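Asker: I am attaching a structure below and will ask some questions about it afterwards.
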Amino acid sequence: MKCPYCGASNASRVISTTHDARGGTRRRRECRQCGQRFSTYEYPVQTMPLVVKVNGSREVFDRDKLIRSIRMACAKRPVPASDIERLVDEIEARIRQLSNSEVASRLIGDMVVEGLRELDEIAYIRYVIVFRELNTLQAVHEEIERLLAHSAEKNGHGPKREPETQTGDPAAQDQLTKPAPLQAKETPSRPPHERDLPE
Ligand SMILES: [Zn+2]
């Protein structure tokens, strides 16, 4: 290790060693030549797969860029920075678990969407509008409808979602789209949402 003050090589002694949450090691050193103190950091080299963008180009996974894009979606929303960090940690861990040399940017975006849906619904909608390139009010409206159905389901009440893809003959489909009137599961005190009403 070269002293940043006098340039002497391998003349420093380690005064203290500390470890941080990311698995790094910080060493406080003192130069035997000039007596100045400085620190060195050691981090394990973690290889991340290349990110394949929609246009087919590849780039190095950039954690800071990912954090920035999520922060932008969370602007002025009550989302703690620590929650964003944790979401990105989870995404990084999941990407590593795939053990592929490449990962589609679309897949990373899907992971962000999934995480934001649980963190903050407004941030989720903002992100989805950009990420899925929703450019009509109708598309945004449909996304909000899906989100409302999801949060109603998560909270244990509200309309049961119909399967998104329906196959089979029209008669069977008819049965699927016209279920029994209102589910008795609905709590009586809660006014029915518009879409609960029979057509
Ligand atoms: Zn020195």
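Every number here is computed from the coordinates shown, using simple stated rules; none is lab data. What you see is a predicted model, and the numbers here were worked out from it, not measured in a lab. As a convention, Cβ positions derive from the backbone with ideal geometry for all residues, glycine included, and neighbour counts pool all protein chains shown.
Asker: Q33's amide H: which non-local residues (gap 5+, or another chain) put their own amide H closer than 5 Å, with H modeled 1.01 Å from N in plane and none for Pro or chain starts?
Answerer: It is none; the list stays empty.
Asker: Just subtract the alpha-carbon distance of E102 and K154 from 0.36 nm times their residue separation and send over the number in nm, one decimal.
Answerer: Roughly 15.4 nm would be gained on extension.
Asker: Here is a follow-up. Each residue of region 74-88 in turn: what ³J(HN,Hα) in whole Hz from Karplus with 6.51, -1.76, 1.60 and θ = phi - 60°, glycine and Pro shown as x?
Answerer: With the stated coefficients, region 74-88 comes to 8, 3, 6, 9, x, 10, x, 4, 5, 5, 5, 4, 5, 4, 5 Hz.
Asker: Given Cβ point charges of +1 (Lys, Arg) and -1 (Asp, Glu) and nothing else, what value in debye, to the nearest 20, does the dipole of region 50-154 about its Cα centre take?
Answerer: 260
Asker: Once amide H atoms are placed 1.01 Å from N in the peptide plane, what residues at a sequence separation of 5 or more from K2, or on another chain, have their amide H within under 5 Å of its amide H?
Answerer: So K2 has HN proximity to N10.
Asker: Once you order the gyration tensor axes a ≥ b ≥ c over the Cα atoms, which shape class does region 1-157 get: rounded for a/c under 1.5, otherwise prolate or oblate by comparing a/b with b/c?
Answerer: prolate
Asker: Now a separate question. Name the residues whose placed amide hydrogens come within less than 5 Å of the amide hydrogen of V103, ignoring near sequence neighbours (fewer than 5 apart) on the same chain.
Answerer: L50, V51, V52
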